[in-house]
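Here is the structure we will look at, set down as C-alpha cells.
The values are calculated or read from the model by the stated rules, or taken from the named source; none is laboratory data. Since the model is a prediction, treat every value here as computed from it, not as a measurement. Neighbour counts are summed over all protein chains in view; Cβ atoms, including those assigned to glycine, are modelled from backbone coordinates with ideal geometry.
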Amino acid sequence: MARAQVGFLQGLFGSVPIVLAYFPVAVSFGVTASKSGFSVAEATFMSLVIYAGASQFLATTLLAGGAGPLLAIVSLLTLNARHLLYAPALLERVRRTQHGRQPLRTPWLWAHGLTDEVFASALGRLAIKDASWSERWQVGIGLGAYLAWVSGTAVGALLGGGAFERWPAVDAALAFLMPTLFLSLLLAMVQRHHWPVVVTAVVGFAVGSALFSASSGILLGMLAGGLVGMFLAPREAVQT
Amino acid sequence: MNLEFFLVCVVVGVGTYLFRYLPTRIGGRAGARAMSGRLGAFLASVGVASVAALLAASLEPVLAGALTSGRLGVAAAAFAGLVTTFALFRWRNDVALATMAGAAVYGLVFWLVS
C-alpha cells in the first residue's frame with residue numbers, strides 16, 4: 001500500500017515542540033548577546049546567518065572576551081563540524097524506511113535548518129512505523145524552528161541586557177540557562193563510551209583557561225576530547 | 001556592525017551551511033560510509049567534547065564567583081539547578097523542559113538565599 005506523502009504544512013505543524021523549546025532559549029541568547037555589548041541587529045544577524053545555538057553562545061563569549069577572529073572562526077567551525085554527520089545519517093534512515101533512495105531536489109533549501117533538534121525530530125519521525133518523509137516536510141519543520149530562533153533572538157536583544165535588572169532572581173535564572181542548556185544537550189548526546197571524552201574536555205578546559213584564557217580552554221577541551229574519543233571509540237562505531 | 005564581527009559571522013555561517021549541505025550531495029549509504037571510521041569517531045566525539053567544555057566554561061564564572069565571595073547560597077542554587085536538569089532529563093528525555101526547569105529552580109533558590 002502506498003503511503004500518503006507528508007508535506008510542508010505537516011512539517012510546519014511538526015515544528016511546534018521545537019518552536020516552544022527554541023523561543024525561550026533564543027530570547028535568552030538575545031539577552032546574553034545584548035549584555036555582552038552586541039546590538040539588536042548584530043544578535044539577529046548572527047542567528048540568521050550561523051543558526052547554531054551552542055556556537056552562538058560561544059561566539060558571544062569569544063568575541064566579547066576579545067578573542068581574535070581567527071581563533072573565533074576555528075573554534076566555532078570545530079564546534080559545528082558535528083553537523084557533517086547529520087545529513088548522511090538522516091538520508092541513510094530515509095533510504096531504509098522508504099525502501100530506496102529518493103532523488104533530492106531541494107537539499108540546498110532544507111540543509112540550513114538541519115540543527116541538532118530538527119535532525120533528532122526527523123529521526124524520531126522516521127522511527128515511527130510506516131511514517132513517510134519528504135523534502136517539503138523537512139523544509140516545513142526547519143522553517144518553523146528557524147523563525148522561532150531568529151524572532152526569539154530579536155525579542156531578547158530588544159529587551160536588552162538590563163531588561164530584568166529589577167528582578168535579580170529572573171536575571172540570574174536567565175543567565176543560568178546556558179549551563180542548564182549545555183547539561184541537557186550533553187545528556188542527550190552522551191553515550192557510555194563518551195565519558196572519557198567528557199572528562200578530558202573538562203580537564204582540557206580547566207588547564208587551558210588556567211594557563212591562557214577561557215576561550216583557549218574551550219578550544220583545548222574540544223580538541224583533546226575529540227582526539228580521546230577518536231582513539232577510544234568502540235570498534236563497531238568506527239567500522240560501521 | 002563592525003567588519004570583524006560581520007566576517008566571523010559570514011565565514012562561520014557559510015561553513016556551517018556547507019557542513020549541513022555538502023553531505024547531501026554524497027547522500028545515503030555513501031555519505032554514511034564516508035563519515036564512518038576515525039574521522040566520524042572524531043567528529044562525533046568533538047561534538048560531545050565541545051558541549052562538555054562549554055558546560056564547564058558556563059559554570060566556571062558562577063561557581064568561582066560564589067566561592068571567592070563566600071556566597072555559598074549561589075553555589076547551592078547552582079547545584080539545585082543542575083540536579084533538577086539532570087533528574088528531569090532522565091525522567092522526560094526533553095531538552096527544553098530540563099533546561100527551563102533547571103534555570104527556574106536556580107532562580108528560585110537564588111531568590112531564597114539572597
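Residues being more than 7 Å from chain A (Cβ to nearest Cβ) and crowded, with 18+ Cβ neighbours inside 10 Å: count how many of those fall in region B:51-61.
Number satisfying all stated conditions: 0.
Can A:Ser39 be described as at the interface with chain B (Cβ under 10 Å from one of its Cβ atoms) and surrounded by 21 or more Cβ atoms within 10 Å (Cβ to Cβ)? Talk me through it step by step, then tell me what you get.
Working: at the interface with chain B (Cβ under 10 Å from one of its Cβ atoms): yes; surrounded by 21 or more Cβ atoms within 10 Å (Cβ to Cβ): no.
Answer is no for this residue.
Which ones in region A:39-84 are among the aliphatic types (A, V, I, L, M), over 16 Å from A:Met222 (Cβ atoms) and at pLDDT below 90?
Step one: of region A:39-84, the residues among the aliphatic types (A, V, I, L, M) are A:40-41, A:43, A:46, A:48-50, A:52, A:54, A:58-59, A:62-64, A:67, A:70-74, A:76-77, A:79, A:81, A:84.
Those left that are additionally over 16 Å from A:Met222 (Cβ atoms): A:40-41, A:43, A:46, A:48-50, A:63-64.
Those that are among the aliphatic types (A, V, I, L, M), over 16 Å from A:Met222 (Cβ atoms) and at pLDDT below 90: A:Leu63, A:Ala64.
Looking at A:Gly156, A:Gly142, A:Gly204, which one is outside any loop (DSSP other than H, G, I, E, B) and closer than 22 Å to A:Thr97 by Cβ? Full working, then the answer.
Numbers: A:Gly156 fails: closer than 22 Å to A:Thr97 by Cβ; A:Gly204 fails: closer than 22 Å to A:Thr97 by Cβ.
Exactly one of A:Gly156, A:Gly142, A:Gly204 is outside any loop (DSSP other than H, G, I, E, B) and closer than 22 Å to A:Thr97 by Cβ, namely A:Gly142.
So which helices (runs of 4 or more DSSP H) stay within region A:14-130 end to end and still have 2 or more residues that are of a type in the set (Ser, Thr, Tyr)? Steps first, please.
Values: elements: A:16-35, A:40-49, A:53-64, A:69-80, A:86-97, A:107-110, A:116-127.
In region A:14-130, the matching helices (runs of 4 or more DSSP H) lie at A:16-35, A:40-49, A:53-64, A:69-80, A:86-97.
Scan region A:157-203 for residues that are crowded, with 16+ Cβ neighbours inside 10 Å, under 29 Å from B:Arg90 (Cα atoms) and of a type outside the set (A, V, I, L, M, F, W, C) and jot them down.
Listed by number, the residues that qualify are A:Asp171, A:Pro179, A:Thr180, A:Ser184, A:His194, A:Thr200.
Going by the conditions given, is B:Arg90 in a helix (DSSP H, G or I) and more than 7 Å from every other protein chain (Cβ to nearest Cβ)?
On the way: in a helix (DSSP H, G or I): yes; more than 7 Å from every other protein chain (Cβ to nearest Cβ): yes.
It is true that B:Arg90 is in a helix (DSSP H, G or I) and more than 7 Å from every other protein chain (Cβ to nearest Cβ).
Does A:Phe57 satisfy the condition of being within 8 Å of chain B (Cβ to nearest Cβ), crowded, with 20+ Cβ neighbours inside 10 Å and under 20 Å from B:Ala52 (Cβ atoms)? It would help to see each step written out before you state the result.
Numbers: within 8 Å of chain B (Cβ to nearest Cβ): yes; crowded, with 20+ Cβ neighbours inside 10 Å: yes; under 20 Å from B:Ala52 (Cβ atoms): yes.
Yes; evaluated as a whole, the condition is true for this residue.
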